[in-house]
Amino acid sequence: MFDIDAVAVANLDGVGADEIIEGDGQWGSVKIIDSQTRTLRNSIPNGSYGIAAVGSIRTATSQGRDVVFAPSGTSGTSGTGARLSLRVAQSANGQTLFELNSEPGGIGATSIGDIDADGQVELIIANGSSQPGPIRIVDRDSGVEEWVSPQNAGNANSPFYIAPKFLFQTQLDADPAQELVVVGTSTYDGRIVVLDGQSRKVQLQIGDFTSRPLGSREIVGAALLDYNSDGFKDIALITQPNSTGENGIRVHVFSLGTGLPLWESIRMGQGFATARGIFVQPSDGQDLLVAALPDGLRAFGAQSQLLEWTYTEQIQKALYQPNAPGGAEIVLERADGTMIHLDAATRGVRRSYQLGELSRAIVALPGAPYLLVATANALTLRTLQGQAISSTNDTLTSQSLSPIAIAPAGRSFDVLTGMGFGYALHKLSSDDIFADSFE
């Protein structure tokens, strides 16, 4: 053998001596070798470069044990188009019994809800690569994949030629199913696609290579609001330039019914200015679109279309927490992990504290005065005073921003977190305890 990555021994057939399980270090297969005669009994295709680990597992299909292995390379893919992360195969004939797959770019966007109105909650996950990747709908309770977006085969005008960054569910028509709003980037342009939640057919596409309303602009943040007061949600975006054809940060609003632009802000900053995000702040008289920039906040009136106020602070993230006991708050995070809570009405500082490390994501718990903070090693539920209530003990977040979706589930909350290799579903109980459940 030229190169060996991993080796294990186990009594696979349940008779006599152990067999040797060998994982090839190149493009070869997993081999099962008779330890007494040194002859090859079976070979299980790998399809990836190298083997990270091999072992044996007892299943109901064999008298002895079957083989489990994990490829180390990223080139091999499974039948679903995702990267193969783990395979269980029968030791007798090499037949695949189970595969655990991950997206090549991890998970870049998440959402939770009964999108097709069938009474079952679905998890929606999207590939986190900078290149176009699949969107998948998975049954929350069984983990069974219900749908995967079609492969676009390099067709840049395809609605699925998109690297998703944000997923939203909202009602945009008269049928009971929700619509799925996919927001992302296609090559150098921002793109938005609306899918019917039941049929998965495309209802609307904003942006292709004929029409480029977000040409050379990367979407950094998105939020839903009823901008034109027609009873249906529109989408607000904050974008930054990703080529020399554009400059400055802008806020845009598009109708999700017609795809038409409803409003666009002035340019903020010059050249390759960077944005931090956007959120909607309900307010007396009119809602505010609050753009987060590295040097602070800019609030635009949804009806006035004017800059209503600014707040100067060096920040990494900003979010709106409507459920603070003393009234709604705006929560800011500095680059050193300092958290600043502002009174949303006056922008006066209510409190500040040290988080300890820069977060991967911060979201407000729906309907409750808590924050869910993702860091490099855990998810932590915190009070608005910064006190940690409970935390996971496993590594959950991706290397960059970690997308988190939260949805009420009876007296508990479902928490779906995107990771660099897949996703995890946690249950946040009413007793503030996390119960792990890996999908």
Residue hits (the stretch 134-163; of a type in the set (A, V, I, L, M) and not in a loop (DSSP other than H, G, I, E, B)) are Ile135, Ile137, Val138, Val148, Ala163
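Answer with yes or no whether Ala318 is open to solvent by less than 80 Å² (accessible area, probe 1.4 Å) and either more than 25 Å from the chain's Cα centre (by Cα) or within 16 Å of Ala388 (Cβ to Cβ) (or both).
Spelling it out, it is not the case that Ala318 is open to solvent by less than 80 Å² (accessible area, probe 1.4 Å) and either more than 25 Å from the chain's Cα centre (by Cα) or within 16 Å of Ala388 (Cβ to Cβ) (or both).
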With the structure loaded, tell me whether Ser359 is more than 30 Å from Asp284 (Cα to Cα), of a type in the set (Gly, Ala, Ser), open to solvent by 20 Å² or more (accessible area, probe 1.4 Å) and modelled with pLDDT under 95 or whether it fails that test.
no
Which members of the stretch 138-170 meet the condition of being out of contact with any strand residue (DSSP E or B) (no Cβ under 6 Å at 6 or more places or on another chain) and aromatic (Phe, Trp, Tyr)?
Phe160
Consider Ile235 carefully, then state whether it is of a type in the set (A, V, I, L, M), open to solvent by less than 20 Å² (accessible area, probe 1.4 Å) and within 30 Å of Asp118 (Cα to Cα).
yes
Output the residues belonging to the stretch 27-50 that are among the small types (Gly, Ala, Ser) and at negative phi.
Gly28, Ser29, Ser35, Ser43, Ser48
Residue count, the stretch 1-45, condition open to solvent by less than 50 Å² (accessible area, probe 1.4 Å) and among the acidic types (Asp, Glu), comes to 5
What are the residues in the stretch 251-272 that are in contact with a Pro (Cβ under 9 Å, 6 or more places away or on another chain) and crowded, with 17+ Cβ neighbours inside 10 Å, if any?
His252, Val253, Phe254, Ser255, Gly269
Would you confirm whether any residue within the stretch 179-190 is among the aliphatic types (A, V, I, L, M) and either at pLDDT below 95 or farther than 25 Å from Glu103 by Cα (or both)?
no
Among what's in the stretch 217-268 and is in a loop (DSSP other than H, G, I, E, B) and among the acidic types (Asp, Glu), pick the residue that is nearest to the chain's Cα centre (by Cα).
Asp226
So which of Gln198, Gln203 ends up being closer than 27 Å to Gln120 by Cα, assigned to a strand (DSSP E or B) and out of contact with any Ser or Thr (no Cβ under 7 Å at 6 or more places or on another chain)?
Gln203
When the stretch 1-47 is checked residue by residue, the ones that are closer than 16 Å to Gly94 by Cα and without any contact (Cβ under 8 Å) to a residue 40 or more places away in the chain are Ile20, Glu22, Asp24, Gly28, Ser29, Lys31, Ile33, Asp34, Leu40, Arg41, Asn46, Gly47
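Under 29 Å from Gln305 (Cα atoms) and without any contact (Cβ under 8 Å) to a residue 12 or more places away in the chain, is that true of Ser186? Explain how you work it out, then say what you get.
Numbers: under 29 Å from Gln305 (Cα atoms): yes; without any contact (Cβ under 8 Å) to a residue 12 or more places away in the chain: no.
Answer is no for this residue.
The values are calculated or read from the model by the stated rules, or taken from the named source; none is laboratory data. Predicted, not measured: the structure shown is a model, and the values here were computed from it. In this analysis, Cβ positions are derived from the backbone assuming ideal geometry, glycine residues included, and neighbour counts consider all displayed protein chains. To get the accessible areas, we keep the full protein, side chains included, count just its heavy atoms, and leave off ligands, DNA and RNA. Shrake-Rupley method; radii C 1.70, N 1.55, O 1.52, S 1.80 Å.
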